[in-house]
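What follows is one structure encoded as structure tokens, with my remarks underneath.
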Amino acid sequence: MEPHGPDPQPHAPPPSLWPVGFAIGVAVLLTGVIIGWFVAAIGAAITLVFGWLWVRDVMGGGPAPHAEGERPPPSAQPVSEGELEAFPRSKFLEASTLGLGGLIGGLITVPVAWVAVAPTFLDQDQPDVDIGPLEEFPENEWRVVTFMEDPDQGEVTRRTVFVRYNGELEGQPSLTIISNRCAHLGCPVQPAGPIRDDESVTEETSNSVVTRIPANPAGGFACPCHGGAYSTEGNRTAGPPVRALDRYEFELRDGRVFLLASYSVGKVEGEGKDAVLTKYRLMSPGLHVDGLSQLLYPIGPRR
């Protein structure tokens, strides 16, 4: 005897792997924010594909399975010609709730996600900075140079480097340009020797306001925060720093010195224009850039 009326037992949706794939995609996306844009792009693609499949599975539904010989529910029976199948109120409310929830969630999460993910894809190169004519840097003498990366934003963008002109190497000027950011925790490193403030020169260059102060760091450079010490080439000589001081690339344009991108250094071999070093992408303080020790630390953020 066939039962009459709707089936009193609700049919639960079958198990789905789409949420698992969606979660994996999010994990890959967040990992890519640290590693690189290509990993983030893969994660975003996985997230979108599995998210779409998941939503389609939830929204699509389809007729609930029924046992052999059992009468299918009225919604699964064919509609005769001329009849219109009414859109169930439950489906309308479900779609409205999900749509409104997605809209609110997007308004809240998209700005946050943009701030977190966008830096992976945007160009964040340091601006080139004009620090003055080459003749303002006498050979084998140090200058403490301070400059503003963005004069419109004021002193908050002021940076400091130690500059020494080494003479010519293969017919081209050689300069040693060392950052004052300590490789331990980022404190400002100072010359371990006299600084002649009374001889400082301030110049408004083509794109910055620069101050050049003569110095004699005979003892190298020292960090006042935690006792880090460096040689005149920026190599760590004592204290907790994990590598040498960062350096800047440079370029001469019409006889003027322009600072380009900064980079990290593990160790410098030799001195002055004869120095030999390996450039690494700029890393945060406290992170190794070479040797087995670099494997013992988390992946550093892109700079």
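The values are calculated or read from the model by the stated rules, or taken from the named source; none is laboratory data. Note that the structure is a prediction, hence the values are computed from the model and not measured. Cβ coordinates were reconstructed from backbone atoms using ideal geometry, including for glycine residues, and neighbour counts include every protein chain displayed. To get the accessible areas, we keep the full protein, side chains included, count just its heavy atoms, and leave off ligands, DNA and RNA. Shrake-Rupley method; radii C 1.70, N 1.55, O 1.52, S 1.80 Å.
Quick check: residue separation of residue 103 and residue 149 times 0.36 nm, minus the Cα distance between them. What number comes out in nm?
Value of the extension gain: 12.6 nm.
Compute the Cα gyration tensor for segment 229-296, then decide on rounded, prolate or oblate, letting a ≥ b ≥ c be the square roots of its eigenvalues: rounded whenever a/c is under 1.5, prolate when a/b is larger than b/c in the other cases, and oblate in all that remain.
Cα axes put segment 229-296 in the prolate bin.
Just how much of residue 18 is accessible, in Å², when a 1.4 Å probe is used and the result is rounded to the nearest 10?
Result for residue 18: roughly 80 Å² accessible.
How many nm is it between the label spots at residue 168 and residue 200, if each spot is 7 Å from the Cα in line with the beta carbon?
3.4
Is the C-alpha gyration tensor of segment 118-259 telling us rounded, prolate or oblate? Criteria: a/c under 1.5 is rounded; beyond that, a/b larger than b/c is prolate, otherwise oblate.
Rounded, since a/c falls under 1.5.
Where the accessible area of segment 155-286 is counted over protein heavy atoms with a 1.4 Å probe, how much of it, in %, is carbon and sulfur?
Of the solvent-accessible surface of segment 155-286, carbon and sulfur hold 48 percent.
Return the distance in nm (one decimal) between the two label points of a simple spin-label model at residue 95 and residue 238, each offset 7 Å from Cα along Cα→Cβ.
7.5
First select every other residue whose beta carbon is under 14 angstrom from the beta carbon of residue 220; then total the charges, Lys and Arg +1, Asp and Glu -1.
Neighbour charge sum, excluding residue 220 itself: 0.
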